[in-house]
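The values are calculated or read from the model by the stated rules, or taken from the named source; none is laboratory data. Note that this is a predicted model, so its numbers are computed, not measured. Heads up, the Cβs are rebuilt from the backbone with ideal geometry, glycines too, and the neighbour counts pull from every protein chain shown. Note: accessible area is taken over every heavy atom of the protein model, side chains too, but ligands, DNA and RNA are not part of it. Shrake-Rupley method; radii C 1.70, N 1.55, O 1.52, S 1.80 Å.
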Amino acid sequence: MYWEKEIEILERKSLERLQLERLATTLGQAAKSPHYGRIPVIGRIAQSGMKAIEQIRELPFTSKEDLRNNFPWGMLAADKKDVIRLHSSSGTTGNPTVVYHNRHDLDSWANLMARSMYAAGVRDTDIFQNICGYGLFTGGLGFQYGAEKLGCLSIPAGAGNSLRQIKLMRDFGTSVAHVIPSYLGRLFEVFKDEGLDPRKDTKLHTLVIGAEPHTQEHRLRIEEMFGVKAYNSFGLSEMNGPGVAFECTEQNGLHIWEDAFVVEIIDPVSLQPVADGEVGELVMTTLDRQAMPVIRFRTRDLTRFLPGACPCGRTHRRIERICGRSDDMFIIKGCNVFPMQVEGVLMKLPEVGDDYRILLDTLDEQDEMIVEVEVKKEWFTGDLAFLDRLQRHITRLVRDEVLVRPLIKLVEPGSIPKAEGKAVRVLDRRNK
């Protein structure tokens, strides 16, 4: 049931002592970097020692801007000759964010990934297909090394090319796959176009989904389409990548591995801790990384701690699925709107496909929210009266959820442009 039983069910006080020990080591290591070395409080606490984990609140936050401003070497806390890999964002609008790893860091990351996949029921007898981009994006290599550590036969399929993905699944008997949620609807359509049913014509029993926020309604739709259990994963490159938090087979929240991270949830405006159970911004500190420790990183991801113990017996705290990002929120006609609110409405409707897009535009000198919604093939028959009723129904549901009347545009399946990697859900074209 456990990959590392002694760690996964460690009694809370012992787990907190381990965190405190590792945090003290982390601060000492971080102080060797040019960026953190300039912050006196880090060196002072590193020298005097940590008395309680709450002392972490005395330390400053780290932001993406800090990483960009210290490009390329300002966050590095180790000798360059010991660094064996970096991952980086695209940096298309300025300096990229870069994260460095030495051998210890990569071994630790692979182990966290193996632990995560094992918690979701993956075993060394499984055949694992990684339908995710490799390269500077962390999702591909993170899962690859984790699957190999666990002992799976792994297929590094990469992203896209649906016909090839299906052939690999059928030829080799893929039982577990890692896929970005927004791609699974397109993959299912290709299965149908080929006269295949993934529930009958593959050996899939488990999907691991992550890399982009998605609703419970979207997860349930995926499980129905593929006839599998779909487990949520969470990660970010600043904290390694995937393997930061993962659902166990109970599917009731993501265990966040507290032997590797200190986790806080704060109010994104006041920057103060929120009460347990309240939604706030996730803030994270690495505890087992040497080349580039990161202290109190503001992820911008919104979630909450879940109360109570998990029936699986793991003592590491659980967070709710990411419900959005503090920087994804947009304001339209005076109302705060998160894209996930719109998705939660759309994914409950059987007529709606898996892709949608929110366009913010200025029409007749007034800002409007236009929601493009793909309709499934079987419903897009040219019955204008039906489509008109569906359009009005979706308009009412979205308006009731976000308190703004949207302009709903029903479109044919496959007509919304597909992004490489994560889906682009919002396009803001308003006059600024």
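Table for the structure above
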read-out	value
Single residue of Leu403, Leu363 found to be touching a Cys at 6+ places or on another chain (Cβ under 9 Å), more than 25 Å from Pro181 (Cα to Cα) and at pLDDT below 90	Leu403
Residues satisfying the stated conditions in segment 187-199, i.e. open to solvent by 30 Å² or more (accessible area, probe 1.4 Å) and under 24 Å from Gly142 (Cα atoms)	none
Entirely in segment 356-432, the strands (runs of 3 or more DSSP E) that have 3 or more residues that are of a type in the set (Val, Ile, Thr) and within 30 Å of the chain's Cα centre (by Cα)	366-375
Residues located in segment 303-321, provided they are in a loop (DSSP other than H, G, I, E, B) and open to solvent by less than 20 Å² (accessible area, probe 1.4 Å)	Cys310, Cys312, Arg314, His316
Restricting segment 345-365 to residues that are β-branched (Val, Ile, Thr) and over 16 Å from Glu401 (Cα atoms), the residue that is surrounded by the most Cβ atoms within 10 Å (Cβ to Cβ)	Val352
Number of the exception - Gly37 against (1) exposed (fewer than 15 other Cβ atoms within 10 Å of the Cβ); (2) modelled with pLDDT of 95 or more; (3) within 29 Å of the chain's Cα centre (by Cα); (4) more than 30 Å from Glu148 (Cα to Cα)	(3)
Subset tally (residues that are farther than 13 Å from Glu412 by Cα, open to solvent by less than 60 Å² (accessible area, probe 1.4 Å) and modelled with pLDDT under 90) for segment 366-389	1
Selected residue (only one of Ile332, Ile408 is of a type outside the set (Gly, Ala, Ser), out of contact with any Phe, Trp or Tyr (no Cβ under 9 Å at 6 or more places or on another chain), modelled with pLDDT of 90 or more and surrounded by 18 or more Cβ atoms within 10 Å (Cβ to Cβ))	Ile408
